[in-house]
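Structure first, commentary second.
The values are calculated or read from the model by the stated rules, or taken from the named source; none is laboratory data. Keep in mind that this is a model prediction, so the values were computed, not measured. Glycine gets a Cβ as well: all are built from the backbone with ideal geometry, and neighbour counts include every protein chain shown.
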Amino acid sequence: MIHFVLLIVCAAAIYLSCEWFVNAVEWLGRRLKVGRMAVGTILAAFGTALPESVVTLVAVTTGSTSSAKDIGVGAALGGPLALSTVAYGVTGFVLLRRRRRQDAAVREETGRPPATSGAQVLGDERDVRRLAKDQKWFLPIFVVKVVLGLVAFADKAALGLLFFAAYAVYFWHEIRSGDEGGGEPERLEPLKVRRKAASPATRAVVGQTVAALAVIFLASQLFVKQLDAIGPTLGLSSEVTALLLSPVATELPEVMNAIIWVRQGKTKLALANISGSMMIQATVPSGLGLLFTAWKFDGALIWSGLITIAAIVYLLLTMRAHRLTPGRLTVAAGFYGVFAVGLVPILS
């Protein structure tokens, strides 16, 4: 029982600390004079993905056995899978509910159906191109990392440096892109630790950002440990818990950030945070894994990679046809269900 209580407490702590984090990171973006979208793809993504990258680093560098090192390899595959399916799906679901509430309010006030509906496409053509751009960055890099897990050759470890270089190029491109594809409201909510300050001090902004990240990191780690303890009581093996539940738990901060930004009407920032986190997960943990492990995938990891690729291809095709609606974004979560079903015969 105590594990279930701690699970709920940790989830609440993650959500509340994410509210403080997104509040601070928007002010941090203004202080650093980066574009609005870079706040999501770079600053917020870096902050929420950093804890997972640290876990991967510790696993692959200090693991005393190959099994211990494999935890880092699994994290490098599980993160992108959870983001491309569950994170996008939850965001789509929250968007769908938000638009339906708005439609109902308009219908009640005017007595007529609203001009727009919950099935409206997300953004104009420029917005969709901006959304698709990150997926086009991610997909080829992810395909390469999966292929490298299937082959063995001399000097494969050295290729890990190329993944770091790929993220450096992406980082530089995002920072230089300014407000391309922007358009979110420029007015920022008061900094939570300086509510009366029209322009809070940089020290306060940085302090709130770091403090919120620390709580997110600690609560996320405790959340994962509770899942590990609860898994056996639900009849789940340690392998199923590690491959099916832990990736979702480790990506919970990105999901919470997205929910908060959607609630605030900042949909582009929500989606940018997910896509930016996916780029980090596709490069930094992969580079670490290649440098410090054999980087060889078993059946479960190959299946994880294939489902991730399928989810991104689905999103790209939907974006290219300019048919990405909240409902179709929600469908992305279904790919995680397919992964779960396919995982059963692989592990049995």
Response to the item:
Residue pairs qualifying under the 7 Å Cβ cut-off, at least six apart or on distinct chains, with the first in segment 103-115 being in a loop (DSSP other than H, G, I, E, B) and the second being modelled with pLDDT of 65 or more and surrounded by 10 or more Cβ atoms within 10 Å (Cβ to Cβ), are Pro113/Arg107; Pro114/Asp103; Pro114/Val106; Pro114/Arg107
Worksheet item: Taking segment 302-348, which residues are among the polar types (S, T, N, Q) and free of Cβ contacts under 8 Å to residues at least 40 places away in the same chain?
Response: Thr318, Ser348
Response to the item:
All conditions in (1) within 14 Å of the chain's Cα centre (by Cα); (2) more than 30 Å from Arg100 (Cβ to Cβ) are true of Ala272 except (2)
Fill in: Yes/no for Ala270 being part of a helix (DSSP H, G or I) and in contact with a Lys or Arg (Cβ under 7 Å, 6 or more places away or on another chain)
no
Worksheet item: If a residue has to be closer than 16 Å to Leu139 by Cα, surrounded by 18 or more Cβ atoms within 10 Å (Cβ to Cβ) and more than 17 Å from the chain's Cα centre (by Cα) to count, how many in segment 315-348 make the cut?
Response: 2
Discussion item. If Gly265 meets every condition in (1) buried (at least 18 other Cβ atoms within 10 Å of the Cβ); (2) at positive phi apart from one, which number is that one?
Written reply: (1)
